[in-house]
Every structure is written in C-alpha cells, then in structure tokens.
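The values are calculated or read from the model by the stated rules, or taken from the named source; none is laboratory data. None of the values given here were measured: they were computed from a predicted structure. Using ideal geometry, Cβ is built from the backbone for each residue, glycine included, and neighbour counts are taken over all protein chains shown.
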Amino acid sequence: MPSRSHIADKIRAKLKKRKKEGNLRKLQISYGLIDFCSNDYLGFSKKKSNFRPKSQGSTGSRLIGGNSLLFEKIETKISVFHRAEAGLIFNSGYNANIGLFSCIADKSDTIIFDQFIHASIRDGIRLSPARSFSFEHNNTNSLEKKLQQASGNILVAIESIYSMDGDQCELKKILTLCKKYKAQIILDEAHATGVIGKHGRGLACKLRLENHIFARIHSFGKSMGCHGAIILGSKELREYLINFSGAFIYTTALSEGSLMAIDNSYEELKSGTEKIHQLQKNITFFKESISKKLKKHYISSNSSIQCILVGGNKKARKTESILQKRGYDVRAICHPTVAKGRERLRICIHSFNSENEIKKCLLNIEELLS
Ligand SMILES: Cc1ncc(COP(=O)(O)O)c(C=O)c1O
C-alpha cells in the first residue's frame, strides 16, 4: 500500500503536469456576463417558481422511504409526453447513464458506442462486464464493421446531439443497420430535449422512431433548467432498472422541490413553442453571421452547441479569458476533453440571447483569432 505522502506527491505531480499543459480545470464564478456557455437553452432555470414543497428532503432511496405519488405521476406524465411506455427518474443524466450501462449487459454481450459519446456513458460502460468498442463518429461504415465483430446481445450507444461538436446523429441510418444486425439502440437525448421536435420532445419523436429505440435518456439539466433525468423505455426495462441499477437503488431520491421544478418545466414545454422557435431563430442567425474568416475554424452544427476551433489549449484559454473580460461568457474546451488540435471555443446559443449579443460576440472572436 502506498503511504499517504506517496499519494500526495502523485496528486501534486499530476496537477503540475496539467498546469504545464495548459489544461488545469478551475471552478469559475461569473457575474453579469452574457451567457454563451450554459445549457439553459430556453432560460427555464431563471423562472421564478411559485410552488412550495412541503418537505425539504426525500428521506431515502426510492425503494426505502424516498418514493412518492408525485414521483410516479411525473414519471407517467413525462413518458406520455415523449411517447414512451414507461420511465424512471434518476438524480442526474450522469447517474442515469452510469445506472443503465453498468447493469444492462452481461459478459457475453457487446456494447458499441460512438467515439464522441459522453463521459457518463463511457464510465457506465466501464462498470459493465460486457465487451465494448467504439466506432468512428457518426460513421455507419465503421459501425457496421463493429457490428460484424459483436456477439451476444448488441447495444449501440449514440447521442441525438453530440455535446462537444453539436452535430446530430444519423439516427435513421443507424437504426437500419441495427435492425440488420439485431442490435438495440440507446439514445442519449440530453441536448435534444426542449430543442428538437415539436415542443422539444427530442429526436426520436421528431423522426417518429420512438418505438424503435430500446432506451432514451432525457436529462433535465439542460433545456429543462433544473436537475435529474429520466430513462424511457418499456415497462419491463423500468422494472429491471428498479431491480438491478445500482445508481438508482443505492442513492437518496430527488426532493419534492426538484420534482416540482421538473414538472414546472415540462408544463412550460407543453404549453408553448415560442421559446423553442426563438432559439432556432438565434441558431440560424449565429450560423448566418459566421464570417468568411471564421468559416475555416467553424464546426458546422444546427443545434444550440456551436464551436470555433482555436488550436491549442493555451490559445483557447487565453481567448476565453479575453472574451470574458469583454463581457461574453464563452468557454474553452481543451484537450483531453477533446482531441489534440480540436481545442475550441464552445458557444451555447439560447432563446434569450439577442442578435446584437451574438453578432458582437462573433466579431470579438474573429478579432482575437486573426
Ligand atoms: C450527452 C450528455 N449526456 C449526459 C449528460 C449528463 O447529464 P447531467 O448534467 O444531467 O448529469 C450530459 C451533460 O453534460 C451530456 O452532455
């Protein structure tokens, strides 16, 4: 067993290396900046709530004291909204992915995942006894090669909108391939919730493919502006997760206040589409405002996630810092979160950003990159 001082030395050395490579992560508190970084695409997080929870905490896991009628009502309501047979709420999207991928496959099964899949899915797969391999991002030829090598039950993990490049998965083509190889799709709809499809129901619903997807994960931490996530699928899948998913079984359930916030956001999604339309308008405006100079750095995307490649962690961090000093809360995404050479400014577009803010932000980026 290494002594405590060995551990301390190791930690120090690893932090020093990060610092030297210009990718030391730091917590920031930003006040009064124009929001181009949050996942609050529709501004729901800023809603003044008028609900008053009767209790502060849920008192335990869902299987002990933490369950309630409110939980079950909301799960049913959200399942109906996204046209699923059933749904089970988890404490976050991260927990939902860990909880699903860690328990869904056995040693004899195979999980195939897009190389750009979110870290929470990778971590969930790491906890699974199944064989796993990645395929080239959104590349169906690469996926087919991996499907040919798979054995047992085959699961394919993809995202509706990829969180780093903001591009959309080739759901129809991937589904056709999966049918050919009798593979099941698990679709993470985190960045499509509230953004894609009528009333923001997500990509599967937009393409009317919801009945062909084994499981869908909708996180409430993005457009819904609150906290938690739901896994949608069959009633049997729900029962299976209640019985076998450690991330569901062994944790304190969400509080009544959290559930009310989720319900509140879904009510707003159902009642109008104005904010979603405004968001789409702003995304189009951003894309049309990219200058010729910036085009060569731009990663094309139709989602709220827009990226401009910068090249190198140091340059990315420096540009981020200047933009913030000028009032624009844009964040740099550095290596190792993205591949070397793909370091970038990640600009999140919201329904509440004005055209003037978008235009000026882009002008500043152009000046700093030229
Ligand atoms: C694609 C994707 N899945 C899951 C998550 C995790 O969701 P949450 O923030 O609710 O834990 C994220 C968050 O960054 C994400 O981008």
For this session: Determine whether Ser265 is under 21 Å from the mean Cα position of the chain (by Cα) and assigned to a loop (DSSP other than H, G, I, E, B).
Result: no
Problem set entry | Residues located in segment 227-246, provided they are within 12 Å of the ligand (Cβ to nearest atom) and buried (at least 23 other Cβ atoms within 10 Å of the Cβ) | Gly228, Ala229, Ile230, Ile231
Exercise. Could you say whether any residue in segment 256-263 is more than 16 Å from the ligand (Cβ to nearest atom), of a type in the set (A, V, I, L, M, F, W, C) and in contact with a Pro (Cβ under 8 Å, 6 or more places away or on another chain)?
Worked result: yes
For this session: Determine if segment 256-279 includes at least one residue that is surrounded by fewer than 17 Cβ atoms within 10 Å (Cβ to Cβ), touching a residue at least 40 places away in the same chain (Cβ under 8 Å) and more than 26 Å from Arg62 (Cβ to Cβ).
Result: yes
Exercise. Within segment 288-337, which residues are free of Cβ contacts under 8 Å to residues at least 24 places away in the same chain and either in a loop (DSSP other than H, G, I, E, B) or in contact with an Asp or Glu (Cβ under 7 Å, 6 or more places away or on another chain) (or both)?
Worked result: Lys296, Ala332
For this session: Scan segment 169-184 for residues that are within 15 Å of Gly202 (Cα to Cα), more than 12 Å from the ligand (Cβ to nearest atom) and crowded, with 19+ Cβ neighbours inside 10 Å and report the count.
Result: 1
Seminar exercise, completed: Just one listed residue, out of Lys54, Lys16, Lys48, is more than 30 Å from Gln280 (Cα to Cα), away from the ligand (no atom under 16 Å from the Cβ) and part of a loop (DSSP other than H, G, I, E, B), and it is Lys54
Exercise. Being touching a helix residue (DSSP H, G or I) at 6+ places or on another chain (Cβ under 9 Å) and of a type in the set (Phe, Trp, Tyr), is that true of even one residue in segment 154-170?
Worked result: no
Exercise. Which ranges mark the helices (runs of 4 or more DSSP H) fully within segment 137-239 that have 3 or more residues being of a type outside the set (S, T, N, Q), within 19 Å of the chain's Cα centre (by Cα) and not assigned by TED's automatic domain parsing to the domain that holds Tyr298?
Worked result: 203-206
Seminar exercise, completed: Those residues of segment 105-131 which are within 21 Å of the chain's Cα centre (by Cα), more than 14 Å from the ligand (Cβ to nearest atom) and not in a loop (DSSP other than H, G, I, E, B) amount to Ile111, Ile112, Arg126
Exercise. Out of curiosity, is Lys10 more than 22 Å from the chain's Cα centre (by Cα) and either surrounded by fewer than 15 Cβ atoms within 10 Å (Cβ to Cβ) or in contact (Cβ under 8 Å) with a residue 24 or more places away in the chain (or both)?
Worked result: yes
